[in-house]
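Here is the structure we will look at, set down as structure tokens.
The values are calculated or read from the model by the stated rules, or taken from the named source; none is laboratory data. This one's a predicted model, so the numbers in the text were calculated from it and none came from an experiment. FYI the Cβ positions are ideal-geometry reconstructions off the backbone, even for glycines, and counts take in every protein chain you see.
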Amino acid sequence: MENKDLNTNQSVQPKLDIYSYPYVKSKESTKSLMKKVIIALLPAILASLYFFRLDAIKVILISVASCVFFEYIMQKASKKPIRIGDLSAVVTGLLLAMNLPASVPFWLPIFGGFFAIVIVKESFGGIGNNFINPALGARALLMASWGNLMTSYTWPVSLTDSLSGPTPLGVLKEGTGSLPSLVDMAIGRVGGVIGETSAILLLVGGLYLIITKVIDWKIPVIFILSTGIMLPILGVSIELIPWHLLGGGLFLGAFFMATDYVTIPTSDLGKIIFAVGCGVLTALIRVLGNMPEGVSYAILIMNVFTPLIDKYIQPKVFGEVK
């Protein structure tokens with residue numbers, strides 16, 4: 001039935017918004033993509049098990065099991081198809097665990113899994129509909145609610161001098177204490193969350209995702225470069241930049257969370273703007289904020305800006321001419 005304007009009695013055509021998204025069929029499934037992400041995370045996960053031993057195993061298993069359980073319960077309760085087999089909940093659980101200290105009590109990853117899956121993911125329609133990264137959303141809530149537990153960082157048990165203490169970024173922030181060597185920073189012999197283990201192995205996993213075309217290189221590379229460029233602009237000594245780049249969750253965030261398909265812009269220019277924003281915000285929070293780390297909040301803020309970026313930065317429609 002046609003819509004008619006009551007005043008003019010003329011047909012009124014519905015207004016449609018046409019987007020130029022690349023609707024291209026692919027043999028890749030969600031499950032195959034998630035498998036590749038898990039493979040990319042494995043080197044860093046194995047390193048965390050070596051450095052943090054049973055504590056890391058406990059946090060990872062509880063986090064993954066919680067996310068899978070809550071996704072099953074939500075999909076069952078809402079009478080949706082059960083999709084835990086696509087492994088997206090497993091990846092969310094792994095990323096959540098990588099953002100937690102190895103010393104957290106068992107109930108913390110359970111609550112984090114509940115928030116990530118039930119509130120951030122399933123309440124907004126499930127996979128493909130979340131407006132922020134679920135694991136980072138859960139981390140932000142846990143940090144705001146139980147900051148003392150989330151910042152009780154442990155050091156690798158293989159170190160004999162200390163089992164606890166400030167992280168390298170904490171030393172940089174406070175300006176007191178001694179920094180570990182860059183070799184220790186690279187291989188993961190430092191304190192922090194589970195995912196701060198071994199920047200080199202996170203880089204290896206990230207390169208695997210780029211080579212297998214699971215992620216676009218633009219976001220992680222520009223994210224890291226923007227952080228490194230912004231830090232000296234804010235007054236950080238050039239000599240300290242390597243510690244900033246290797247420390248904290250920069251590599252984990254840049255390769256594994258800032259590249260979430262759902263929460264990033266669709267156009268190449270939009271991805272560049274997104275990545276630069278993440279880098280600038282990370283540096284601002286680290287230098288001017290009251291926390292030594294800012295990767296998670298930077299990504300979450302840019303996730304929220306993604307719809308605005310997509311609104312104004314649209315790729316040219318195929319075949320379009322001026």
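For the reader, a short list of remarks on this structure follows.
- Consider the stretch 252-283 and keep the residues that are in a loop (DSSP other than H, G, I, E, B) and of a type outside the set (D, E). The one that is farthest from Y297 (Cα to Cα) is S267.
- Output for the stretch 218-248, where each listed residue is surrounded by fewer than 16 Cβ atoms within 10 Å (Cβ to Cβ) and in a loop (DSSP other than H, G, I, E, B): L234, G235, S237
- The lone exception for G147 - which of (1) surrounded by fewer than 16 Cβ atoms within 10 Å (Cβ to Cβ); (2) in contact (Cβ under 8 Å) with a residue 24 or more places away in the chain; (3) not basic (K, R) it fails: (2)
- Unmet requirement for A140, which otherwise passes all of (1) crowded, with 16+ Cβ neighbours inside 10 Å; (2) over 21 Å from G249 (Cα atoms); (3) among the hydrophobic types (A, V, I, L, M, F, W, C); (4) in contact (Cβ under 8 Å) with a residue 24 or more places away in the chain: (2)
- Restricting attention to the stretch 197-217, the residues that are surrounded by fewer than 19 Cβ atoms within 10 Å (Cβ to Cβ) and small (G, A, S) total 0.
- Answer residue from the stretch 284-298, given it is part of a helix (DSSP H, G or I) and in contact with a Ser or Thr (Cβ under 8 Å, 6 or more places away or on another chain) and is modelled with the highest pLDDT among those: A298
Residue-wise test of (1) farther than 30 Å from F111 by Cα; (2) at pLDDT below 95; (3) not in a helix (DSSP H, G or I).
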position: K25; (1), (2), (3): yes, yes, yes
position: I39; (1), (2), (3): no, no, no
position: I45; (1), (2), (3): no, yes, no
position: D55; (1), (2), (3): no, yes, no
position: V59; (1), (2), (3): no, no, no
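- Taking the numbered list (1) farther than 26 Å from Y153 by Cβ; (2) in contact with a Ser or Thr (Cβ under 9 Å, 6 or more places away or on another chain); (3) of a type in the set (V, I, T); (4) touching a residue at least 60 places away in the same chain (Cβ under 8 Å) in turn, I219 passes all entries but (4).
- Among the candidates S78, S48, the residue that is in contact (Cβ under 8 Å) with a residue 12 or more places away in the chain and surrounded by 15 or more Cβ atoms within 10 Å (Cβ to Cβ) is uniquely S48.
- Residue within the stretch 14-21 that is modelled with pLDDT of 90 or more and basic (K, R) present: no
- Tally, over the stretch 277-290, of residues that are within 26 Å of V91 (Cβ to Cβ) and surrounded by fewer than 24 Cβ atoms within 10 Å (Cβ to Cβ): 3
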